[in-house]
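Right, one structure below, let's go through it.
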Amino acid sequence: MPEIWLAPLHGLTHYHFRNCLFRHYSGFNAAISPFVPVQETAKLNVRKWKDLAPENNTAVELIPQLMGIVPAHFADTMKVLHQEFGYARFNWNLGCPMAPIVRKRRGCGLMPFPDEVEAVVEAACQQPYRFSVKMRLGMHSPEEGVEIARRLNQYPLEFVAIHPRLGEQQYAGVPDWNALEELLSQLHHPVVYSGDIFQVTDYERLSARFPQIKTWLLGRGALRNPALAEEIKVIVTKKDDVSGINKFYDEKRTTGIGENELVRFNEFYEDLKQTLEDYRGASGSLSVLKELWHYFACFFQLTEEQLHSLLIIREPEKFDEAVREIFF
Ligand SMILES: Cc1cc2nc3c(=O)[nH]c(=O)nc-3n(C[C@H](O)[C@H](O)[C@H](O)COP(=O)(O)O)c2cc1C
């Protein structure tokens, strides 16, 4: 059975979302948190990182993700997160392509600088924790990723998660699976795959092409269809049962959004809305819900116009009414 983890999506997959998702849908073995910045011990106040607090993460194991470039800050932050919250696994964000992050040589912005990458990994691996990296093919070229892989091979990393796009692509175009294949041939660590698994068939295609990959991150795919992890596991269970697989796809094709799927999504959505409202108030939660509706729109197969007319609504009650109309 593959391991399926929830990918970190900053601004979206924080603990309120994660907990609602895990309450209503199964299939996830773990999650990587959206990143938090590393700091020196004196400046750290991890109690304010509610997203990482153990009491907010009881459903599924969470691997905290760290962002930064100063080696000593990694050691400090990991130690404090271990002492305060008990974490012993940490992931480093070497893949964020957003311009303000890249400009500061953080995230994917550090991929063209292998010496700096190695300095962080060396310091982190001296700590008594499991350390891993999440990266892209490179910032500007896949050769950067291959050079980073060569450096990473020298250290005892737990895994390397790879999103097979370049940083300069952001999320445009398609992943480069040939470049991923080349990178995998150079990398000695276990690989966790991340990118563009939107349907069960995407998982099937990729797992057939990359049989050495055993762990799969679902990001936007899990937001578009919260049942995706479950559906993948159903298909894997039915692997030797051709008629069972055909039945699964036939049902999906013919019924569109099934009654049962709709009821479950509705329960999940109500829980999520209530949770966000309790925490941020009705208008505070509206902006988060709108972000999420960019993805939920795919579940309901909304047109651009339908989504647009939802997103321009400013009053929470009217927004809620429009959502009700989409549901029923
Ligand atoms: C809005 C958004 C926020 C993201 N935030 C993070 C993050 O905090 N850390 C990280 O490593 N990747 C982040 N990513 C990248 C995702 O984890 C993932 O690698 C990428 O979206 C490709 O996978 P997907 O197609 O399954 O979403 C983010 C992506 C999006 C779209």
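The values are calculated or read from the model by the stated rules, or taken from the named source; none is laboratory data. Everything numeric here is computed off the predicted structure, so don't read it as measured data. All Cβ positions, glycine included, derive from the backbone under ideal geometry; neighbour counts span all protein chains shown. To get the accessible areas, we keep the full protein, side chains included, count just its heavy atoms, and leave off ligands, DNA and RNA. Shrake-Rupley method; radii C 1.70, N 1.55, O 1.52, S 1.80 Å.
Within a straight-line Cα-Cα reach of under 18 Å, Lys252 can be paired with the following aspartates and glutamates, leaving aside sequence neighbours fewer than 8 residues apart in one chain: Asp202, Glu204, Glu230, Glu231, Asp241, Glu261. The phi-based Karplus calculation (6.51 cos²θ - 1.76 cosθ + 1.60; θ = phi - 60°) puts the 3J(HN,Hα) values of the range 126-132 at 7, 7, x, 10, 8, 10, 9 Hz, whole numbers, x for Gly and Pro.
Taking amide H as placed 1.01 Å from N in the peptide plane, Leu66 has its amide H under 5 Å from the amide H of Val36, Asn91, Trp92, Asn93, each at least 5 places away in sequence or on another chain.
For the range 15-35, the residues whose amide N sits under 18 Å from a probe point set 7 Å from the Cα of Gln274 along the beta carbon direction are 16-25.
Net charge dipole, the chain: roughly 560 debye, given to the nearest 20, about the Cα centre with Cβ charges of +1 for Lys and Arg and -1 for Asp and Glu. When the Cα positions of Gly145, Phe248, Pro71 are compared along the charge dipole of the range 3-248, Phe248 comes out farthest toward the positive end, with charges on each C-beta of Lys, Arg, Asp and Glu. In this structure, Ser287 and Ser243 have a Cβ-Cβ separation that, at R0 = 35 Å, corresponds to a calculated FRET efficiency of about 0.15.
For the pair Glu259 and Ser26, a Förster radius of 22 Å applied to the C-beta separation gives a FRET efficiency near 0.65, rounded to the nearest 0.05.
For the range 259-327, what relative contact order do you get, as a whole percent, if you take Cα pairs closer than 8 Å and at least 6 residues apart? It rounds to 29 percent for the range 259-327. May I ask you to give the percent of accessible area on the chain that is carbon plus sulfur, with a probe radius of 1.4 Å? Of all accessible area on the chain, carbon and sulfur atoms account for 51 percent.
Give the shape of the range 245-295 as rounded, prolate or oblate, defined through the alpha-carbon gyration tensor: a ≥ b ≥ c are the square roots of its eigenvalues, a/c under 1.5 means rounded, and otherwise the shape is prolate if a/b is larger than b/c and oblate if not. It comes out prolate by the Cα gyration axes. Ranked from largest, the principal axis spans of the Cα set of the range 1-159 equal 42, 37, 31 Å. Pairs exceeding 23 Å between alpha-carbon atoms, taken from Lys43/Lys134; Lys43/Lys104; Lys214/Lys273; Lys233/Lys290; Lys48/Lys318; Lys43/Lys79: Lys43/Lys134; Lys214/Lys273; Lys233/Lys290; Lys48/Lys318.
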